[in-house]
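No lab work stands behind these numbers, since they all come straight from the coordinates. Here the structure is a predicted model, which is why all the values come from computation and not from measurement. Note: ideal-geometry Cβ built from the backbone for every residue, glycine included; neighbour counts use all protein chains shown.
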Amino acid sequence: MSRSASSPLSDAVPWWRPDPARTLVIRGGRPLRGTYPVSGAKNAVLPLMVSALLTPHLVTLHNMPASLDVAVLAALLRRLGAELHWSRTEAGLSVTICADQVHPVRIDRELVARMRASVLLLGALLARGGEANLPMPGGDAIGLRGIDFHVAGLRAMGAEIELAGGTIRATAPRGLSGAEILLPQPSVGATENLLLAATMARGTTIIRNAAREPEIADLVACLAAMGASIEGAGTDVLAIAGGRPLGGAVHPVMPDRIELGTLACAAAITGGELHLRHGRLDLLGAAAPLLAAAGVELRPVEDGLMARRAPSGLAGVDIVTRPHPGFATDLQAPAMALLATATGASMITETIFEQRFRHVDELRKMGAAIAVRGQTAVVRGVPALQGAVVSGTDVRAAAALVIAGLGAEGETVLDGLDHLDRGYDRMADKLAACGADIRRAG
Ligand code: EPU
């Protein structure tokens, strides 16, 4: 495994290996062909791992992505007292988490600061032991990313929460109680945090305007396997009858729909054809018809999807990011890289995060013609992109630049490899196995 050295990580995660590489070097223009296995979902696996803190029994997760975020969360869970046993079979990576002991205040500040999803520890630790003490979570710099919905929801359930000096101190001296909560926006993280807490609260919790992302339904399926009673998965109203002791579970992590969409763009921009193993059209929501309109053919086959550029070529489309089932904000940057060489213009509007166009300047260095006004980018397709030295400033920006590099003429050198590694399981290795000229370098 690749990655930068960090001792808490290599202690916690046996598949972790320090890797001095800081850049990816891509020689573009080679059509991708072969099978690309889509990994377990980055944004499903983190709440699933945290759910193991709710029970002293064993929770086994299959189809684990070997990503940096997973390694960081594994190290955080170990620090809290959980034991993690990893195994690898032909079917992939699995982990069994045993949290029979949880020490809620033993938090590694540096690790929490690396990852937004660490805020989910708040709901789980409050539910399990009535106390949590966390630094404010970190994560990609893509917008304001407040935690006010999380805090308001947990307070409605009886938690006392103090935010001071960059620390969140939360207690539930009388335990948590069910509540009716209306989210101001369908926040993915707040829905997950409140779900985790509500499974152990006394009485029924109703979450209205809940997020409907498939990762929420995956968390609900795992919590249900642990014995929780939750209705409404996939809708915007979740009803949780809390307070039952939770048992263990065995759960396969859902396929990563963002990796799926990203690799479909990669197949199309290179003029190749990929079998995206484990891919499913239903996971893509509004992205499926929009990608089709842009000239990305996706055809269901056994155990996945075939992806290639339509014979008519790539065409500009208009995209507005929205909560699921709308077009995913996490696919906005990869789609922009694809549309940079489409015939005609595309208008891309980002409505979820305020600062999610940081890939634009980098794509321009490669010759893309993109004008930004407020939250909208107008992309005028150019005949070809040129390789350049570029920097990936967040997980999806980095993925977008990989796609651009694969489709470009000449050599692209991408730094910000840690961002890519946070969210993708060995992306460069998997691309190389499909014929890409791509290597990690110092
Ligand atoms: N928001 C608030 N207050 C809150 C919570 C959210 O104002 O208390 C705002 C956010 O600032 C944002 C909007 O609500 O403008 C939606 O944020 P949400 O809470 O849904 O996002 P998140 O839970 O922080 C997850 C994913 C993101 C993904 C978004 C939207 C994880 C670990 N992260 O973030 O993934 O973009 O949902 O789908 O699940 C990525 O994978 O690259 C990534 C950033």
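To the nearest 20 Debye, how big is the dipole of the chain about its Cα centre, given +1 on the beta carbon of each Lys and Arg and -1 on that of each Asp and Glu?
300 debye
Using a/c under 1.5 as the rounded threshold, could you call the range 253-369 rounded, prolate or oblate? The axes a ≥ b ≥ c are square roots of the C-alpha gyration tensor eigenvalues, and prolate needs a/b larger than b/c, oblate otherwise. Working shown, then result.
Details: a/c = 1.79, a/b = 1.24, b/c = 1.44.
It comes out oblate by the Cα gyration axes.
Top mean-square fluctuation among R174, R88, R22, Gaussian network model of the chain, C-alpha springs under 10 Å?
R174
Distance in nm between label sites at D11 and R169, each 7 Å beyond Cα in the beta-carbon direction?
Spacing of the two 7 Å Cα→Cβ label points: 2.7 nm.
Once label points are set 7 Å from the Cα along Cα→Cβ at both A91 and V301, what is their separation, rounded to one decimal in nm?
Taking the simple label geometry, A91 and V301 are separated by 2.4 nm.
Per-residue HN-Hα couplings for the range 179-192, Karplus 6.51 cos²θ - 1.76 cosθ + 1.60 at θ = phi - 60°, whole Hz, x for Gly and Pro?
For the range 179-192, the Karplus-derived couplings read 8, 9, 10, 10, 7, x, 9, x, 6, 5, x, 5, 4, 5 Hz, x marking Gly and Pro.
Taking the beta-carbon count within 10 Å as an exposure proxy, list T376, T235 from fewest neighbours to most. Write down the numbers at each step before the final one.
Values: T376 15, T235 12.
In order of increasing Cβ crowding within 10 Å: T235, T376.
Using only the Cα atoms of the chain, what are the Rg and Dmax in Å?
Cα only, the chain: 21.2, 64 Å (Rg, Dmax).
In nm, to one decimal, how far is the A224 label point from the A152 one, both placed 7 Å along Cα→Cβ?
Taking the simple label geometry, A224 and A152 are separated by 2.9 nm.
Once fully extended, how much extra length lies between Q101 and T351, figured as 0.36 nm per residue of separation less the alpha-carbon to alpha-carbon distance?
Extra length from Q101 to T351 when fully extended: 85.9 nm.
Among K365, K42, which comes first, then next, by fewest other beta-carbon atoms within 10 Å?
Working: K365 17, K42 24.
Listing K365, K42 from fewest to most nearby Cβ atoms yields K365, K42.
Ranked highest first by the average count of other Cβ atoms within 10 Å around their residues, in what order do 117-128, 91-102 fall? Kindly include the intermediate steps, with their values, before the conclusion.
Numbers: 117-128: 26.2, 91-102: 17.5.
Going by the mean number of other Cβ atoms within 10 Å, highest first, we get 117-128, 91-102.
Where a ≥ b ≥ c are the square roots of the eigenvalues of the C-alpha gyration tensor, would you call the range 42-252 rounded, which needs a/c under 1.5, or, failing that, prolate if a/b is larger than b/c, or oblate?
Rounded, because the longest to shortest axis ratio a/c is under 1.5.
How high is the relative contact order of the range 42-252? Use alpha-carbon pairs under 8 Å, at least six apart in sequence, and give a whole percent.
Working: 481 pairs, mean separation 43.3, N = 211.
Answer for the range 42-252 is 20 percent.
For the chain, calculate the relative contact order in percent as a whole number, restricting contacts to Cα pairs under 8 Å that are 6 or more residues apart.
Working: 1151 pairs, mean separation 90.1, N = 442.
That works out to 20 percent.
What does the extension gain come out to for S312 and T235, with contour length at 0.36 nm per residue minus their alpha carbon separation? Working shown, then result.
Values: separation 77, 0.36 × 77 = 27.72 nm, distance 3.70 nm.
Result for the pair: 24.0 nm of gain on full extension.
Expected output is a single nm value to one decimal: the length gained when fully extending between A21 and E409, i.e. 0.36 nm times separation in residues minus the C-alpha distance. What is it? Before the final figure, lay out each step's value.
Working: separation 388, 0.36 × 388 = 139.68 nm, distance 2.33 nm.
Additional length available on full extension: 137.3 nm.
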